[in-house]
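Reading through the structure tokens given below for one structure.
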Amino acid sequence: MVVIDGGPLSREQVVAVVRGGAPVEVSADALAEVAKTRDHVERLAEAATPTYGVSTGFGALATRHIPLDRRGALQRSLIRSHAAGAGRPVEVEVVRGLMLLRLRTLATGRTGIRPETVDALTHLLNAGITPIVHEYGSLGCSGDLAPLSAVALALMGEGEVEVDGKRIPARDALYEAGIAPLELAEKEGLALINGTDGMLGMLVLALHDLHRLLDVADLTAAMSVEALLGTDRVFAADLQALRPHPGQAVSAARMTRLLDGSAIMASHRGPDCNRVQDAYSLRCAPQVHSAARDTVAYVETVADRELAAAIDNPVVLPDGRVESNGNFHGAPVAYTLDFLAIPVADVASMAERRTDRMLDATRSHGLPPFLAADPGVDSGHMIAQYTQAAIVSELKRLAVPASVDSIPSSAMQEDHVSMGWSAARKLRTAVDGLTTVLAVELLTAARALDLRAPLTPAPATAQAVAALRRTVPGPGPDRHLAPEIAAAEALIRSGELP
């Protein structure tokens, strides 16, 4: 159970709910604060003086006062008109993420929403009902409007949802779950759709995946160094200390431990060894992986701040003031999403270069061409490297930032937008690409180590090779990683590998 109390959520809690299906509960204190703020909003709704978002239109129509008997229609119209996304439906975990993070903001008591609306969203999430959210429609400013509107539409009993992999009308799903469709009151339409929840949820999931993938990248790099008869002397702690980036020390130390006890490495040590300077893709792996790790660490600080934010416009402050603001602008999240796409592309690029080196008989120091059993008859891993190369090329294009490409909207009221949702979508594609690239390197390095027999690899890398032999092709136990990567990552997580 993840308790939402109006304070920050951790990244681990987000993953537990979004991917693990952990149930959520809004605390009694948070619901009391929501009710207190709602009482104030209802007094403002009855006042003769208009209050933006409560008794007026929205955006470019903010100066229009809406009569009391038309405000329910205003809320319905807002959601229906804004649920105008297009393209393929986004992944269930993305929708669950934006639902959870919007619920967290609602529970802060700063939005003016009713407690029953908080309850309805809580029940929707716990019932496993996932509104259909389309890929296009958010500019990452004034919130992820179209995606969040699709969720609000489902709360009203309109649109479509997914339940147990089946697409059905929202009204039917609500009825089966015992959830009454909402009749939205003043301010609630805005409160449900003004936030960075979609892009933030995708950022949290990407950070979770990258932690795991960068650990695997250290393993695949170490295996490639070993298979290519490289030197591990460059990973020594005293050399790494000369450049004190924290991620560099972590990667170099892990690669050193992974290679400890390798008969392959020992076979070419000594005074006659000419392996003084390996290619950069081998020698500089800790430096590149360090840059990626340290980028992830920075992005985590931004994500954690956003997970503590209460984003709406207008907001209801603790002293009762209802104030317009610009906190919905997605720039802080969008920049970090774009930033992460750069090291993802670079780590993958370096992995592809190591793979190519193992396949080239002129550079592999005794390995057969393409690691083929019968070169010429058998193409070995040739086309697997082609796949890597195609993905790496795509990753370079995905590293081009979305957040610099503002485009005006809403009659020039929203004249500078963040494009954070777009940055998040391309980062998800990039993380998937990195997974495949590392899987190819892992399989290639394992094949190359087998071909070094009778010399034996390090105990740690030998365990990784053995795990791959046990891996069943197809969907792995962790649907978010390729099965080969999942097998290697499970060894790392269990403590059996450094």
>> For the structure I just gave you, tell me whether E323 is farther than 30 Å from A445 by Cβ and touching a Leu at 6+ places or on another chain (Cβ under 8 Å).
In response: yes
> Checking A48 against (1) open to solvent by 50 Å² or more (accessible area, probe 1.4 Å); (2) of a type outside the set (F, W, Y); (3) at pLDDT 95 or above, which single condition isn't satisfied?
Replying inline: (3)
>> When you check P401 against the structure, is it out of contact with any strand residue (DSSP E or B) (no Cβ under 9 Å at 6 or more places or on another chain) and more than 23 Å from V204 (Cα to Cα), yes or no?
In response: no
> Are any residues in segment 111-134 open to solvent by less than 20 Å² (accessible area, probe 1.4 Å), closer than 26 Å to G53 by Cα and of a type outside the set (A, V, I, L, M), and if so, which ones?
Replying inline: T111, G112, T117, T122, P131
>> Show me the helices (runs of 4 or more DSSP H) entirely contained within segment 386-498 in which 3 or more residues are of a type in the set (K, R).
In response: 420-451
>> For segment 181-200, which positions are in a loop (DSSP other than H, G, I, E, B) and over 17 Å from I113 (Cα atoms)?
In response: T196
> Does V302 fit the bill of being in contact with a Pro (Cβ under 9 Å, 6 or more places away or on another chain), closer than 30 Å to R104 by Cα and modelled with pLDDT of 95 or more?
Replying inline: yes
> Among A292, A309, which is open to solvent by less than 30 Å² (accessible area, probe 1.4 Å), of a type in the set (G, A, S) and assigned to a helix (DSSP H, G or I)?
Replying inline: A292
>> Just to be sure before I move on: is A285 at pLDDT 95 or above and surrounded by fewer than 17 Cβ atoms within 10 Å (Cβ to Cβ) in the structure I sent?
In response: no
> With respect to A423, is the statement that it is touching a helix residue (DSSP H, G or I) at 6+ places or on another chain (Cβ under 6 Å), within 30 Å of S324 (Cβ to Cβ), open to solvent by 50 Å² or more (accessible area, probe 1.4 Å) and of a type outside the set (K, R) true?
Replying inline: no
> Looking at segment 81-103, which of its residues are open to solvent by 10 Å² or more (accessible area, probe 1.4 Å) and either part of a loop (DSSP other than H, G, I, E, B) or under 29 Å from P8 (Cβ atoms) (or both)?
Replying inline: H82, A83, A84, G85, V90, E91, V92, E93, R96
> Looking at segment 356-376, which of the residues that are among the acidic types (D, E) and modelled with pLDDT of 95 or more is nearest to L438 (Cα to Cα)?
Replying inline: D356
> Is one or more of the residues making up segment 165-174 within 30 Å of the chain's Cα centre (by Cα), open to solvent by less than 30 Å² (accessible area, probe 1.4 Å), closer than 30 Å to L125 by Cβ and in contact (Cβ under 8 Å) with a residue 60 or more places away in the chain?
Replying inline: no
> Hey, among G137, G143, which residue is open to solvent by 20 Å² or more (accessible area, probe 1.4 Å) and within 19 Å of F328 (Cβ to Cβ)?
Replying inline: G137
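The values are calculated or read from the model by the stated rules, or taken from the named source; none is laboratory data. None of the values given here were measured: they were computed from a predicted structure. Glycine gets a Cβ as well: all are built from the backbone with ideal geometry, and neighbour counts include every protein chain shown. Keep in mind that these areas ignore ligands, DNA and RNA; they rest on the heavy atoms of the full protein, side chains included. Shrake-Rupley method; radii C 1.70, N 1.55, O 1.52, S 1.80 Å.
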